[in-house]
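The values are calculated or read from the model by the stated rules, or taken from the named source; none is laboratory data. Computed from a predicted model, the values in this text were never measured in an experiment. Note that each Cβ is placed from the backbone with ideal geometry, even for glycine, and that neighbours are counted across all protein chains shown. Calculation scope for accessible area: heavy atoms of the full protein, side chains included, ligands and nucleic acids excluded. Shrake-Rupley method; radii C 1.70, N 1.55, O 1.52, S 1.80 Å.
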Protein chains: 2
Amino acid sequence: MQDEQLAELAQQLRVDAVRAADAAGSGHPTSSMSAAELGAVLLARHLRYDFDRPEHAGNDRLVLSKGHASPLLYAMYLAAGAIDDEELLTFRKKGSRLEGHPTPRLPWVDVATGSLGQGLPVGVGMALAGKRLDDIPYRVWVLSGDSEMAEGSVWEAVEHASYEGLDNLTLLLDVNRLGQRGPTRFGWDLDAYARRLRAHGWHTVETDGHDVRAVDEALSEATATVGRPTAVIARTDKGHGVTAVQDQEGKHGKPLPDAEEAIAELGGVRTARVQVRTPPPARVLHARRSGGLTLPGYEKGDEVAPRTAYGEALTALGAARTDVVALDAEVGDSTRAEYFAKEHPDRYFQCYIAEQQLVAAAVGMYVRGYVPFASTFAAFLTRAHDFVRMAAVSRASVNLVGSHAGVAIGQDGPSQMGLEDLAMFRSVPGSTVLYPCDGNQTARLVAAMADLPNISYLRTSRADMPVLYGPDEAFPVGGSKVLRSSHRDRVCVVAAGVTVHESLAAAALLEREGIPVRVIDLYSVKPVDGGTLQTAADDTGCLLTVEDHRTEGGLGDAVAEAFSDGRPMPRLVRLGVRNIPASAKPEEQLHASGIDAESIAAAVRLLVAEAMVRP
Amino acid sequence: MQDEQLAELAQQLRVDAVRAADAAGSGHPTSSMSAAELGAVLLARHLRYDFDRPEHAGNDRLVLSKGHASPLLYAMYLAAGAIDDEELLTFRKKGSRLEGHPTPRLPWVDVATGSLGQGLPVGVGMALAGKRLDDIPYRVWVLSGDSEMAEGSVWEAVEHASYEGLDNLTLLLDVNRLGQRGPTRFGWDLDAYARRLRAHGWHTVETDGHDVRAVDEALSEATATVGRPTAVIARTDKGHGVTAVQDQEGKHGKPLPDAEEAIAELGGVRTARVQVRTPPPARVLHARRSGGLTLPGYEKGDEVAPRTAYGEALTALGAARTDVVALDAEVGDSTRAEYFAKEHPDRYFQCYIAEQQLVAAAVGMYVRGYVPFASTFAAFLTRAHDFVRMAAVSRASVNLVGSHAGVAIGQDGPSQMGLEDLAMFRSVPGSTVLYPCDGNQTARLVAAMADLPNISYLRTSRADMPVLYGPDEAFPVGGSKVLRSSHRDRVCVVAAGVTVHESLAAAALLEREGIPVRVIDLYSVKPVDGGTLQTAADDTGCLLTVEDHRTEGGLGDAVAEAFSDGRPMPRLVRLGVRNIPASAKPEEQLHASGIDAESIAAAVRLLVAEAMVRP
C-alpha cells in the first residue's frame, strides 16, 4: 500500500468511526479520529495478525488501552475484512459484539479495556510471556491516550517494561491534547512525555500523528529498537479532519453533530480492504504435561501455616504443569511464593511492589495460555481492585492469593491485615473464593484453582495451624466440612481459616457445659455449600458465623446469601471484626475483635440463655 | 547542635530503634537504622513542630511513608521529649499507642502508613492545602523507602507535585538497596531515581545518607528550592552501624540477633534531647461560616439526575462553608463536580486521571481541617480501594462520590459501570453508604455528609429520574422511606436508586393484579434502617431486595445483615446483577439483568404462586 493509499485508509477509518457512532447515537468518534493514521499504518504495514486464526500463537497482540476509541478499532476490523459493514453499524446495540468499549466477546480482543491505564500493564504481561515463556517473536502494540498517562499503573508498567528489556512492546501514544473535560496536563508538549519515558529507560520517537510516512518511520524505528521498549509519541488533533469538532473542547464522547457533512468533509465513504500480514508459523511450548502432580502432605496433629502449604503446593503444581507461572510483588518470602522461585525460576516473575502490574501481568499471561498465580498480602490486593474488576470483564482465568489474612497476623497492625478481601472478591462476577484452615486443605485447593475459570481467590494465613485433615481428603470447590455434629446440636458455628480452630476450641468448652454445637468449616466462601448449611439450619435453627474479616461482605454475608431464594431462614448471628485493631499478639487480637474461642462460646451461651435457640 | 552531636543523635535513634524492636520481639530495626541520619538532621535542624501543640496550624507535617520504620519515628519522638523511654518500650504491645506501623492514635501522626506508596500522595494533599488553601508556609516532609518507588501511586504524586509547583514538599528517599526479600530494582543507583524524578519536574539532590553534614546541606537545598518539589536521594545501608546486619539480605522485619551487642557496637544508650524548632504563629483561614446553606430544590414530577443534584448541592454547600473542597479525576463534566469548579475555583482540585492521588489528596486536605468531596465514576473508585482502606485506619473523614452507578448507564458497557462499589464501601470500618434515587434526597444527603465522621460514600446515577420527594423532606442517615404500604402487603420490595423507580412501577402493575406490595427506598445502605425492615418483615414475612449492583456485598447483604442478631428472619429474595453486561440501552440493561419493573413483578408473582408468601 502506497503512502497515498495509507492516507486514504486513515480517512476511511475516520469515516467508519463517524458512521458507527452516528448509527449508535453515542460513542467516541473524535477520540477515534485522532488516532486514525496510527491505526491505518499499524494495520497495513506493521501488524502481523491472522484474523481468521486469532488463536495463532504468532499473532501480534493489539491492545486498545484507550478503549473508548472502539469505533477506530472496529473500523480497522472492517478494513481487515474481519467484520462486515452491517456489523459495524450494530455498534453499541443490544446483542452486538461491538460494545462501547472492546471486550473479548470479539475473538481479536484479548482483554477488555475502558478503564484507562490498564492497556500498557496488561501489554507488559503479554510481552513478558513472549520474551520469557513463549519465545515467539510476536510484538505487543498498545494504543493509549494522553490523559491516561496520569494513571500510576501506567508508570508501574513503564518501569517494568524497561527493566525487563521488552523490545517486543510498543506504546503508541495518541497525544490529542484534550481529555474528556478539557486540556490534559501537558497538552501537545510531546517532549514532556518523551523526557519522562526516556528517563524510565524507554526509547522514544516523536512524530506528527497525521503524517502517514512519519508514523510509518516511527513504527519501523520501534520494531528495529533492541533491548528496550519504544514509545511512539504522536501529536494529533482530536476529531481531526472535521472542522466542526477538530481540536475543540466539549466534543468528547458524542456522535458528530452532522455525520453526513462530516463524511463529506472527510471525502466520503470508502471501502478499501487491507491485506494484513500474517505471522510466521509459531508453536507454544508450554503444552500441559499430564499427571504427575504430587502435592505436599501434612500429618494430622502437626502444625503448618496455610501460606507455607500454598508455597509448597504451588511448587509441586509447577513441577507437574509447565503452564503454571507465579508472580510476586516483592513479598515472596512472606507469601511463600519464593518456594516456587527456587524450583522454577524461569516461570517466576518479580513485579516489585506494584500490585496493579502484578495482576495485569497475570492477565497478560493468561491471555497467552498460561495459568498464573499472583500473590501478595491480602490487604495489598485492594490496590489492584480495578484490575481484578476488569479481568472479570475480560473473562480471564487468573488465580490470586492473599496472605496475612485478618487480625490474626498480630503485632504488625491494621495496615497489614487483610480484612476486606473476601468482600472484594465475592463481588467479582464468576469468582471463586477459598479460605483454608489447614495445610492439606490448602494444597488441594491450590491444585483445584489451576483448572477453575474466571477469577479465583485463595486467602492464606500467616501462622502455623494444626493439621485437621488427612492428606487424601477431598475438598471440592463449593463444599464444606462438618467437623463436629450431633443430633442434639443447639447452634451451628460456621467458620473458615483461623476461626475454624477457635470454633473447635469453643465447641469443646461448650460440650463440657452441656451445650452441643455443630462446627462447619466453610472453606469455599463462594460458591457456598447451601446444602450443608440448609441441613444445619434444619437441625439447629441457628447459624453463628465467625470470621476474621469485616462483618460486611464476607462469611456472614455469604451464609445469608445461601438462603436468599425465599426459603425459610434460620436465625443468623455473626461475629467478625468491627474494630480498628492496633498492635497486639495474635491471640490478643482475636479476643479484642471478639472472634476467639472464648468469644464464640460466650455468644453461644447468650443465645442459649435468651432462648433464641431450640431447647 | 553541632555536626558531632547530630551524628551522636543518629546513633541514639538507632540504639532506641533496636531497643524498641527488641522489647517488642518484632518490628523493623534495620529499616529504621538506614534512615537515622535523615531523621536526626530533620528533627534537629529543619523540622518546625510544636510537639505540645500538634494542632498548631503552622507545624510542618512529617509523613513516614515507610511506616515499617516506625521505631525510628518513635525514637525521634523520644528525642523530642514527646514520649518517654518507658512508652518507647511498649512498642507493638497491646494498648500501646506505638503500633507496628504509625497511626493517628499518636497525636503527631496525621495519617496511618504501612501500605507502601501512600505517604507521598497524601503529602501532596497536605502541601496543596498549605499552598492553595491555608497560605501557611509549613513544609511537608515525606520519608520513603526505595522499594515503594515501584508503586504507581508514587508516580501519580510525583507528577501532581511538580505540576502544582509544590516547593513546600520534600521527599526524603532512603535508598538502602534492600527490600524485604532482596535487592530493589535499582540498588544503589541513586541517579536512576534522580533521572526519573528530574524528568517529572522535580529538583533532586543526591547525598550520602550517613553523613550528617551532607544530609543537612541537602535538606537546606530542598527548603531553598523555589517553584518545584525536591527529592533528597540518600544512599544508605540497611542496618547501618551493626556488623551483624548491615547491608545484608534476610534481615528485614525482625529484631537484631543480639541487641546488647548491637547497642554496644553503636556506642551504647544515649539520652540526648532535641529542642525542635517551633513554627511561627499561624492561623487557618477556612473557619467554617455558619448557616446560610440553600440547597437546590426540585419539583415533584420533574426529572433530575442524582449526579446533577450532587453537583448543585455541592456548589451550594461550598457557598455556605468555606472549608468544603472538591476534587476531580478529570471527569467533572460527568460527575457534575464541575458546577463547583465554576463557583469556587479556588477550592477545586483537578487531579487528572489518577484516582489514588484523588483520594490521597482528599485525605491530606482532611488532615488540614477541610471537608473534602472527591468524585469520579463509581467503577473507578476501585482504583483507590487501598487508599480508602488506609484512610479508614487513619480515621479520616472523607466524602467520596461515585457516579455512573450500575447497568443503568446503558451503552458504555461494563468497564464504566459501578457494580462493586457498595460492597467495597460497606466493608470499610465506620463508613456511611448512601444511594439516593431523587434530586432532593441527593441534595439533603450531600449536606449531611459534610458533618459525618469517617468515610462517607454517595452513589449517584447518570440518568434523569422523576423527583419523588418534596424539597423539604428529611432524609436522616440510617433512615429509609416507605413509599407504598398497606396492611395487606404480601411482599416488601426493598430498593435504592434506579430500582426504587422500577419497584414503584412493578407495584403499580401488581396492584392491578390484586397483589399489594410494600416498597421501601433504602437510601441509607449503611447504616441500615433495621426498624423499618423489621416492621416490613413482621407485616409481610418476605423481603425482596432489588439492586443495580452485584448480588454480593450490596443491598441484599445489607438487608440480611440487619437481621443478623439472632432475631427470627423473614424470607429473603434478592434480585441484582449476575451477568456481565454488554452494550445496550439503559432499559434493556435493567431488563437483561433482571432488575426492571417487569422482572420485579415476575419475581413477586412467582413468590405468590409458590405460596412462599402469606396469603
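The modelled label-to-label distance for the pair B:LYS585/B:ASP84, using points 7 Å beyond Cα in the direction of Cβ, is 7.5 nm.
Once all protein chains are placed together, A:ARG48 keeps about 50 Å² accessible to a 1.4 angstrom probe.
Rounded to the nearest 0.05, what FRET efficiency do B:MET1 and B:ASP208 give with R0 = 25 Å and r taken as the Cβ-Cβ distance? Could you check? Rounded to the nearest 0.05, the efficiency is 0.85.
Of A:GLU99, A:GLU249, the order by accessible heavy-atom surface (1.4 Å probe, DNA, RNA and ligands excluded), from most exposed downward, is A:GLU249, A:GLU99.
Anisotropy class assigned to region B:313-411 is oblate, per the alpha carbon gyration tensor with a/c at or over the 1.5 cut-off and a/b no larger than b/c. Structural descriptor for chain B: relative contact order 12 percent, calculated from alpha carbon pairs under 8 angstrom and at least 6 residues apart. Between B:ALA80 and B:VAL274, the built amide H atoms are under 5 Å apart, and every one of these is 5 or more places off in sequence or on another chain. Residues of region B:138-165 that bury at least 20 Å² of accessible area when the other protein chains are present, relative to the chain alone (probe 1.4 Å, heavy atoms, ligands and nucleic acids excluded): B:SER147, B:ALA150, B:GLU151, B:GLY152, B:TRP155, B:GLU156, B:GLU159, B:TYR163. DSSP beta bridges fully contained in chain A are about 10 percent antiparallel. Compute accessible area for region B:308-335 by itself and then with all protein chains, 1.4 Å probe, and report residues whose area falls by 40 Å² or more. Buried by 40 Å² or more upon assembly, which counts only protein chains, are B:GLU330, B:ASP333.
Of all beta bridges that DSSP places with both ends in the protein assembly as shown, some 15 percent have antiparallel geometry. If I model region B:490-566 as equal point scatterers sitting on the Cα atoms and use the Debye formula, what is log10 I(q)/I(0) at q = 0.17, 0.18, 0.19, 0.23 Å⁻¹? The Debye formula, applied to the Cα set alone, gives -0.61, -0.68, -0.76, -1.07. Counting heavy atoms of the protein chains alone, A:TYR435 has an accessible area of about 0 Å² for a 1.4 Å probe.
Packing, taken as the mean count of other beta carbons within 10 Å per residue, orders the peptides B:562-571, B:35-44 from highest to lowest as B:35-44, B:562-571. Taking the Cα centre of region A:452-516 as origin, sum charge times position over the Cβ atoms of Lys and Arg (+1) and Asp and Glu (-1), and report the length of that vector in debye to the nearest 20. Here region A:452-516 has a charge dipole of around 160 debye. Residues whose amide H lies under 5 Å from that of B:THR204, counting only those 5 or more places away or on a different chain, are B:ALA231; hydrogens are built 1.01 Å from N in the peptide plane. Residues of region A:107-130 that bury at least 10 Å² of accessible area once all protein chains are present, compared with their chain alone (1.4 Å probe, heavy atoms only, ligands and nucleic acids left out), are A:GLY114, A:SER115, A:LEU116.
Taking every residue in A:192-202 and counting other chain Cβ atoms within 10 Å of its Cβ, the average works out to 4. Helices assigned as whole DSSP H runs in chain A whose Cα atoms extend at least 20 Å along their own long axis and whose mean Kyte-Doolittle hydropathy is -1.0 or higher are found at A:3-24, A:306-320, A:498-512.
Report, in whole Å, the centroid distance computed from the Cα atoms of region B:229-285 and region B:387-403. Centre-to-centre (Cα) distance: 31 Å. Hey, could you grab the Kirkwood Rh for region B:215-329? Inverse mean 1/r over distinct alpha carbon pairs, Å, one decimal. Result for region B:215-329 stands at 21.6 Å. With contributions of -39500 (n - 2.57) from each DSSP H run of at least four residues, the per-residue ellipticity at 222 nm computed over chain A stands at -10500 deg cm²/dmol. The amide H of A:SER564, built 1.01 Å from its N in the peptide plane, has no neighbour under 5 Å, considering only residues 5 or more places off or on other chains. Peptide A:460-473 has a mean of 0 when you count, residue by residue, the C-beta atoms of other protein chains within 10 Å of its C-beta. Taking a ≥ b ≥ c as the square roots of the Cα gyration tensor eigenvalues, the protein assembly as shown comes out rounded, since a/c falls below 1.5. The overall shape of chain B, judged from the alpha-carbon gyration tensor, is prolate: a/c is not under 1.5, and a/b is greater than b/c.
Taking every residue in B:426-434 and counting other chain Cβ atoms within 10 Å of its Cβ, the average works out to 5. Excluding same-chain neighbours fewer than eight residues apart, the lysines reachable from B:LYS481 by a Cα-Cα span under 27 Å are B:LYS300, B:LYS526.
Buried surface for the A/B pair, taken as the accessible area of each chain alone minus that of the pair with a 1.4 Å probe, is close to 8600 Å² in total. Taking every C-alpha pair closer than 8 Å and separated by at least 6 residues, the mean separation divided by the residue count of region B:216-305 gives a relative contact order of 13 percent.
Rolling a 1.4 Å probe across the protein heavy atoms gives region A:454-604 an accessible surface of 30 Å² per residue.
Residues of region A:241-283 with an amide N closer than 20 Å to a point placed 7 Å from the Cα of A:SER220 along the Cα-to-Cβ direction: A:275-278.
In this simple spin-label model, placing a label point 7 Å from the Cα along the Cα-to-Cβ direction at both B:THR243 and A:ARG132 gives a separation of 3.8 nm. With contacts taken as Cα pairs under 8 Å and at least 6 residues apart, region B:379-436 reaches a relative contact order of 40 percent.
When peptides B:452-465, A:585-598 are ranked by their average number of other Cβ atoms within 10 Å per residue, the highest-first order is B:452-465, A:585-598. Given R0 = 41 Å, the distance between the Cβ atoms of B:ARG270 and A:GLU598 translates into a calculated FRET efficiency of 0.40. Probing with 1.4 Å while keeping every protein chain in the model, the per residue accessible area of region A:125-217 equals 25 Å².
Within the accessible surface of chain A, defined with a 1.4 Å probe on protein heavy atoms only, the carbon and sulfur portion equals 47 percent.
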